[in-house]
Amino acid sequence: QEFASNNKPNIALLADRLARYFSATILTIATLTYVIWLQISPEDAFWITLSVLVATCPCALALATPTAVTCATAIFTKLGIITRKSGVFEKLPQINHVVFDKTGTLTCGQLSLGSVQLFADIDQDTALSLVANLEQGSLHPIAQVFTPFCNNNLLITDINHLVGKGVEGIYQQQVIKLGSLAYCLPSTEHLHIDAHSQHQHVYLSIADKLIASFELNDLIRPDSEDVIKTLNAQSIAVSMATGDSSGHVKFLADRLNITDVHSGMSPESKLDFINQLQQTKQVAMFGDGINDAPVLAGANISIAMGSGSAIAKNSADLILLGDHLSRFNDAITVAKYTNKIIKQNLAWAFGYNVIILPLAVTGHVVPYIAAIGMSLSSIIVVSNSLRLLRLKL
């Protein structure tokens, strides 16, 4: 809430600057008005100058954006959306391409262990313990699945985590790997194993020999399908970019009707993909993991899930606290309406001053009418902004 209340969109900063220039201009005009009316009618110079100052007070201009942004931020907070950076309200309506990570974004990210398939003379408990010891200390969601199977009697040294690939170490003087099939095996001998799987798999190999595969179950977020449909209906293109290279990627894409799918991507390749899209598109990126931080920072708008890593949330423009993807569609709707309200407020504030200034300078507006006009213009701006709170989502 602190971030949300302290960050102003660019249009609000522009209005603040205009208000400062406007004030200087009005003071100059008021001074000239006083000097001129001293020559024409000295007894009227003071009240005419006073009318100019009161009637053209920049209150409505200064209130045009803050009141709308405050109302919009209140709606965001009610929806469980936290804005962390400025410019969100301008950028959201411009988004025409959304890129989703898979695990923890389109899926719930609560992985659980399914079936275990053994390919060597090793028992299941030993295979699970090897994975647990190899992943010990890691914060990755996959590592959490195997934590209960840790066995300190199995010694693995020189553990090295390779971002976007997997983890490896030395076990009994041989290289042990855990990760995708392509990472664990140098050949393509077994690449057909999970080509059409409905579940994600990770593989264990020792000395480039496949030892075991582990099925990981992860539920699709209940609102994922509706979110994709809504985005498509708004002519917003959708892509999936994930580090997972298993058959589960294709299964999920088919289920959610995502045709542009990029699997087995490293954080660097994700960022390159985003940069390529940005040459012609305004891109929003969803992510939740540590590996997603660079690409979240590079997108036009970045959204992190509330259950995601602290690094991902620190790199994001928006955080969905309730982990409801549909809130992103709501955020776009609110942002579009907010921009409409701000433009109406600014149009009224400038229009009022353009009309009232000549009348005040020429002595056609007495001070009490000027005060009423100034107050009414501010009330109109505030009331118009309050219409945001009646927005139905």
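The values are calculated or read from the model by the stated rules, or taken from the named source; none is laboratory data. Predicted model only: the values in this text are computed from it and were never measured. Reconstructed Cβ throughout: ideal geometry from the backbone, glycine too, with neighbour counts over all protein chains shown. Surface areas here come from the heavy atoms of the whole protein model, side chains and all, with no ligands, DNA or RNA. Shrake-Rupley method; radii C 1.70, N 1.55, O 1.52, S 1.80 Å.
What to note about this one:
- When each of 389, 346 is tested for being in a helix (DSSP H, G or I) and at pLDDT below 90, the lone residue that passes is 346.
- Selected residue (criterion: most open to solvent (accessible area, probe 1.4 Å)) from residues of the stretch 65-88 that are touching a Leu at 6+ places or on another chain (Cβ under 8 Å) and not in a helix (DSSP H, G or I): 86
- Taking every residue in the stretch 271-292 that is over 13 Å from residue 309 (Cβ atoms) and pairing it with any residue that is of a type in the set (Ser, Thr, Tyr) and surrounded by 24 or more Cβ atoms within 10 Å (Cβ to Cβ), at least 6 positions away or on another chain, the pairs with Cβ-Cβ distances below 9 Å are 284/302; 285/302; 286/105; 286/302.
- Residue list for the stretch 245-267, restricted to those being open to solvent by 20 Å² or more (accessible area, probe 1.4 Å) and either in contact (Cβ under 8 Å) with a residue 60 or more places away in the chain or not in a helix (DSSP H, G or I) (or both): 245, 257, 259, 260, 261, 262, 263, 264, 265, 266
- Scanning the stretch 300-334 for residues that are small (Gly, Ala, Ser), open to solvent by 10 Å² or more (accessible area, probe 1.4 Å) and part of a loop (DSSP other than H, G, I, E, B) returns 306, 307, 308, 309, 322.
- Selection count where residues are over 41 Å from the mean Cα position of the chain (by Cα) and polar (S, T, N, Q), scope the stretch 342-370: 1
- The set of residues from the stretch 90-102 being open to solvent by 10 Å² or more (accessible area, probe 1.4 Å) and part of a helix (DSSP H, G or I) comprises 90, 91, 93, 94.
- Meets criteria (open to solvent by less than 60 Å² (accessible area, probe 1.4 Å), touching a strand residue (DSSP E or B) at 6+ places or on another chain (Cβ under 9 Å) and acidic (Asp, Glu)) for residue 158: no
- Any hit, the stretch 54-64, residues being modelled with pLDDT under 90, in contact with a helix residue (DSSP H, G or I) (Cβ under 7 Å, 6 or more places away or on another chain), open to solvent by 50 Å² or more (accessible area, probe 1.4 Å) and in a helix (DSSP H, G or I): yes
- Unique match (being over 24 Å from residue 229 (Cα atoms), aliphatic (A, V, I, L, M) and open to solvent by less than 70 Å² (accessible area, probe 1.4 Å)) among 380, 342, 355: 342
- Restricting the stretch 103-143 to residues that are over 22 Å from residue 210 (Cα atoms) and either open to solvent by 70 Å² or more (accessible area, probe 1.4 Å) or among the basic types (Lys, Arg) (or both), the residue that is modelled with the lowest pLDDT is 139.
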